[in-house]
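The values are calculated or read from the model by the stated rules, or taken from the named source; none is laboratory data. Here the structure is a predicted model, which is why all the values come from computation and not from measurement. Cβ coordinates were reconstructed from backbone atoms using ideal geometry, including for glycine residues, and neighbour counts include every protein chain displayed.
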């Protein structure tokens with residue numbers, strides 16, 4: 001089997017993580033990444049031996065003037081790849097797609113783009129097979145990915161009547177100082193339902209869900225407060241088992257001293273994970289509450305990391321190199337170190 | 001009608017506000033407040049001509065040494081009052097109640113005490129009549145008061161199947177520097193349901209509710225994300241009308257630029273309110289979403305202020321000076337400046 005040649009267009013919060021994840025895959029080859037500006041963010045690419053291309057001719061000149069070896073401009077970059085990961089800022093994907101299509105290169109977009117751009121919104125465990133051989137797809141955003149992981153096992157089993165989810169969103173990413181994050185206040189979304197609920201339906205069409213979100217002055221990630229109304233009564237043990245059966249969902253416990261977001265992040269740091277990344281969704285098993293047909297629980301979403309394994313699976317699906325979703329998920333999990341338990 | 005003689009035991013965040021609210025009531029007389037330590041917090045009592053008593057003999061000495069005129073110790077304080085408001089720190093109420101009962105003084109506790117201390121948990125619009133002539137009662141906490149105000153009109157009309165509420169709690173009060181508030185993280189409660197749901201049932205026994213809460217690094221107050229599942233379909237206009245019919249519930253709009261907690265606080269400052277207090281619960285009318293039998297909306301709770309009018313009504317009820325809840329609520333609202341619209 002030939003290796004899939006992957007290029008990453010954009011080397012920011014998501015792009016750099018996917019690039020490093022691609023390096024860990026036996027069935028993929030990282031052609032390189034694009035950059036617009038020479039700055040500290042490229043140090044890690046250099047350290048990993050990742051080839052750097054300019055986003056255009058001028059960018060290539062800027063890189064070379066700063067002493068960064070530029071392998072070529074966008075045309076050179078895109079010609080050498082089978083699949084391009086578009087990890088550019090939200091909203092520019094539609095312009096980029098025209099270029100990728102022009103070069104007949106398959107493309108994977110991120111959740112900042114609209115569903116309509118590709119017509120296929122992807123979460124590996126839900127619709128991997130729909131993506132096989134496709135020209136392009138969109139990996140949905142961090143929150144939507146997490147919602148799909150926690151609800152799909154219930155939807156699949158015909159158990160979910162309705163999901164009510166309240167999202168406490170991180171204000172900005174840790175790296176951001178130029179973007180405006182809330183300080184000492186809680187910020188509302190401009191509409192109810194917040195976009196994550198409808199977005200999750202682009203992945204799971206028969207998902208019955210209402211989401212409402214606020215942004216809070218934290219950078220560590222998102223915390224979801226989930227109410228699942230089932231259509232039959234299950235025991236807590238049964239509910240926990242269903243959640244645990246979902247790929248990339250891990251049970252944690254408050255009694256172990258994980259009483260806030262930062263302690264779970266500290267555990268990731270203790271585990272030696274790159275950038276303390278948590279690719280899994282973690283839910284609090286001991287706090288999970290079952291009352292009649294209602295299930296209520298907390299789970300944490302590391303927005304910088306959760307979509308990384310989904311992108312890797314998306315590469316396999318879109319390239320057609322692996323037909324079995326479970327095998328792709330397993331390969332991705334093993335290569336990255338994604339686990340089913342943190343203990 | 002004789003004026004009710006009111007004493008406030010404790011002059012902190014809640015106590016000082018209730019003291020000033022009592023001063024505004026034509027049917028009440030503020031005997032005085034107690035203090036343990038002479039510091040800046042008493043400046044405002046002095047400015048308003050509020051008499052200060054020591055929490056005990058030693059406290060009285062400390063006050064006098066600092067030049068604060070002490071009117072006597074706890075015994076002098078309690079002997080002169082008909083109704084004492086216990087605004088001491090949470091948990092010491094049970095010891096205090098023994099003292100109040102010993103002096104045959106009626107007592108009103110705050111939400112930090114347990115329901116069992118008095119057997120009557122009070123929200124004016126729900127159970128004012130149950131409180132008439134009672135020896136003691138507990139005004140429930142800020143969050144519980146808000147939950148009662150937003151849900152009771154639906155419960156009363158037999159419309160509520162179940163309320164699912166997610167609470168983003170303020171970390172500490174603005175005045176706190178000694179208490180530990182979360183910084184840059186979201187903190188979980190140690191159980192689901194969080195205590196506010198069961199607590200609201202002590203006021204509204206047939207309330208079907210599930211609450212889950214987190215604490216966030218803000219001091220401005222609480223924000224609730226509410227899902228009400230009704231047992232019949234109502235229009236948005238009907239739902240809004242029901243919410244507006246609830247005393248001390250005010251509709252606000254995102255389109256007016258109130259897009260986060262702090263902007264609503266700024267409006268209270270613009271309105272010239274003492275300490276920017278918002279005694280009302282404010283819900284976002286334009287964002288409120290109705291979908292089938294489900295209603296989803298945001299509302300904000302000013303935890304320092306919301307229980308103040310409830311305490312005033314509780315004084316009237318417990319003293320037996322006003323039998324009609326609506327009249328008491330109206331007197332309290334007029335005296336404080338509580339409105340049905342902020343525009």
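Any chance the range A:184-194 includes a residue that's within 23 Å of residue A:15 (Cα to Cα), in a loop (DSSP other than H, G, I, E, B) and either free of Cβ contacts under 8 Å to residues at least 24 places away in the same chain or assigned by TED's automatic domain parsing to the domain that holds residue A:115 (or both)?
no
Could you count how many residues in the range B:20-47 are assigned to a helix (DSSP H, G or I), touching a helix residue (DSSP H, G or I) at 6+ places or on another chain (Cβ under 9 Å) and over 13 Å from residue B:336 (Cβ atoms)?
Of the residues in that region, 4 qualify.
Any idea which residue in the range B:284-316 is nearest to the other protein chains (Cβ to nearest Cβ), counting only those that are part of a loop (DSSP other than H, G, I, E, B) and within 25 Å of the chain's Cα centre (by Cα)?
B:288
Residues that are surrounded by fewer than 20 Cβ atoms within 10 Å (Cβ to Cβ) and more than 14 Å from residue B:125 (Cα to Cα): does the range B:298-320 have at least one?
Checking the range B:298-320: at least one residue is surrounded by fewer than 20 Cβ atoms within 10 Å (Cβ to Cβ) and more than 14 Å from residue B:125 (Cα to Cα).
Filter the range A:175-190 down to the residues that are surrounded by 16 or more Cβ atoms within 10 Å (Cβ to Cβ) and either away from chain B (no Cβ under 11 Å) or closer than 17 Å to residue B:284 by Cβ (or both) and list them by number.
Of everything in the range A:175-190, those that are surrounded by 16 or more Cβ atoms within 10 Å (Cβ to Cβ) and either away from chain B (no Cβ under 11 Å) or closer than 17 Å to residue B:284 by Cβ (or both) turn out to be A:182, A:185, A:186, A:187, A:188, A:189.
Among the candidates A:139, A:172, which residue alone is in contact with a strand residue (DSSP E or B) (Cβ under 8 Å, 6 or more places away or on another chain) and either buried (at least 24 other Cβ atoms within 10 Å of the Cβ) or within 14 Å of another protein chain (Cβ to nearest Cβ) (or both)?
Only one candidate passes the filter, namely A:139.
Would you confirm, using the coordinates I've provided, whether residue A:332 is modelled with pLDDT under 95 and over 22 Å from residue A:167 (Cβ atoms)?
In short, no.
I'd like to verify a number: residues in the range A:255-283 that are more than 10 Å from chain B (Cβ to nearest Cβ) and part of a loop (DSSP other than H, G, I, E, B), how many?
8
Yes or no, residue by residue, for (1) out of contact with any strand residue (DSSP E or B) (no Cβ under 6 Å at 6 or more places or on another chain); (2) in the same structural domain as residue A:221 (by TED's automatic domain parsing); (3) under 27 Å from residue A:203 (Cα atoms):
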position: A:246; (1), (2), (3): yes, yes, yes
position: A:257; (1), (2), (3): yes, yes, no
position: A:271; (1), (2), (3): yes, yes, no
position: A:277; (1), (2), (3): yes, yes, yes
position: A:313; (1), (2), (3): yes, no, yes
position: A:324; (1), (2), (3): yes, no, yes
position: A:327; (1), (2), (3): yes, no, yes
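If residue A:124 satisfies every condition in (1) surrounded by 23 or more Cβ atoms within 10 Å (Cβ to Cβ); (2) in contact with a strand residue (DSSP E or B) (Cβ under 8 Å, 6 or more places away or on another chain); (3) within 30 Å of residue A:296 (Cα to Cα) but one, which is the exception?
For residue A:124, the exception is condition (2).
Collect the residues in the range A:203-252 that are part of a loop (DSSP other than H, G, I, E, B) and either facing chain B (nearest Cβ under 8 Å) or surrounded by fewer than 15 Cβ atoms within 10 Å (Cβ to Cβ) (or both), keeping them in residue-number order.
Passing the criteria: A:205, A:206, A:217, A:218, A:219, A:220, A:231, A:232, A:233, A:235.
Name the strands (runs of 3 or more DSSP E) wholly inside the range A:50-136 in which the number of residues that are under 26 Å from residue A:333 (Cα atoms) is 1 or more.
The qualifying strands (runs of 3 or more DSSP E) are A:83-86, A:106-109.
Among the numbered criteria (1) in a loop (DSSP other than H, G, I, E, B); (2) free of Cβ contacts under 8 Å to residues at least 60 places away in the same chain, which one does residue B:173 miss?
Exception for residue B:173: condition (2).
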